[in-house]
1. For the range 94-131, how many residues are among the hydroxyl-bearing types (Ser, Thr, Tyr) and within 13 Å of the chain's Cα centre (by Cα)?
2. Among the strands (runs of 3 or more DSSP E) confined wholly to the range 79-197, which include 2 or more residues that are open to solvent by less than 50 Å² (accessible area, probe 1.4 Å) and out of contact with any Ser or Thr (no Cβ under 9 Å at 6 or more places or on another chain)?
3. Based on what the data block shows, is residue 42 in contact with a strand residue (DSSP E or B) (Cβ under 7 Å, 6 or more places away or on another chain) and β-branched (Val, Ile, Thr)?
4. Quick one: residue 39 ticks every box in (1) assigned to a strand (DSSP E or B); (2) more than 29 Å from residue 179 (Cβ to Cβ) except a single one, so which number is it?
5. Working only within the range 124-146, note down all residues that are under 16 Å from residue 113 (Cβ atoms), of a type in the set (Gly, Ala, Ser) and touching a Lys or Arg at 6+ places or on another chain (Cβ under 9 Å).
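The values are calculated or read from the model by the stated rules, or taken from the named source; none is laboratory data. This one's a predicted model, so the numbers in the text were calculated from it and none came from an experiment. Cβ placement follows ideal geometry from the backbone for every residue including glycine, while neighbour counts extend to all protein chains displayed. Side chains included, ligands, DNA and RNA excluded: accessible areas come from the protein's heavy atoms. Shrake-Rupley method; radii C 1.70, N 1.55, O 1.52, S 1.80 Å.
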Amino acid sequence: MIDKEFWNNRADLGKVVGTKDLIAVELERRLIAKYVKDGMKVLDVGCGTGETALALAKHLPELKIAGCEFAKNFLAVAREERYKAKLVERVGFFYGDVREAEHFIAPIEVLGQPDVVYSQRCIQNILDWPAQKAAILNLIEILAPGGCYVMIENGMAGLERINEIRASLKLATITPPSHNRYLLESNIEDLRSTLKE
């Protein structure tokens with residue numbers, strides 16, 4: 001389950017639609033950019049308003065990138081920003097739900113099999129592990145041979161470490177928002193085991 005209404009209502013919040021931590025967003029973009037080379041075909045899953053996809057396309061003139069988003073209000077903003085940036089030829093935004101493999105058919109027909117797929121705080125919006133795992137496996141399956149999936153998602157282990165530091169400073173504990181399910185270390189081990197089979 002994903003709270004579509006919650007996300008559709010955030011579409012006009014500008015740069016803070018996904019998080020108020022703009023420094024983290026920039027660090028995430030830099031990490032993604034390390035895996036993306038000019039001339040590649042890239043799929044941005046849960047692209048929101050398309051900021052990361054558009055930033056990559058602006059810096060890499062031969063890059064082809066497609067974004068998938070299930071919140072229609074986000075999608076409308078992403079498509080408008082693509083026109084403003086004059087990137088219509090190399091960037092496409094499509095309706096898609098990461099939980100449904102068939103939603104990747106349209107972007108892949110336009111793009112081809114992606115060399116890189118990335119998700120930036122998307123999987124954590126699915127509220128149970130079996131559905132999160134299925135979504136991740138969907139993404140890995142559509143990659144071109146030798147392709148790479150870059151997963152930038154929040155995990156409980158990191159949050160627990162942050163809360164230990166906060167407690168030592170007598171700061172309040174941070175809890176995940178109700179619209180998120182942070183990944184557990186056991187989830188990653190489960191995923192690794194599945195991929196080895």
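1. Just the residues of the range 94-131 that are among the hydroxyl-bearing types (Ser, Thr, Tyr), to begin with: 95, 118-119.
Checking which are within 13 Å of the chain's Cα centre (by Cα) leaves us with 118-119.
Residues that pass the stated criteria total 2.
2. Working: elements: 91-95, 116-120, 148-152.
In the range 79-197, the matching strands (runs of 3 or more DSSP E) lie at 91-95, 116-120.
3. Numbers: in contact with a strand residue (DSSP E or B) (Cβ under 7 Å, 6 or more places away or on another chain): yes; β-branched (Val, Ile, Thr): yes.
For residue 42, the condition - in contact with a strand residue (DSSP E or B) (Cβ under 7 Å, 6 or more places away or on another chain) and β-branched (Val, Ile, Thr) - is met.
4. (1)
5. 144
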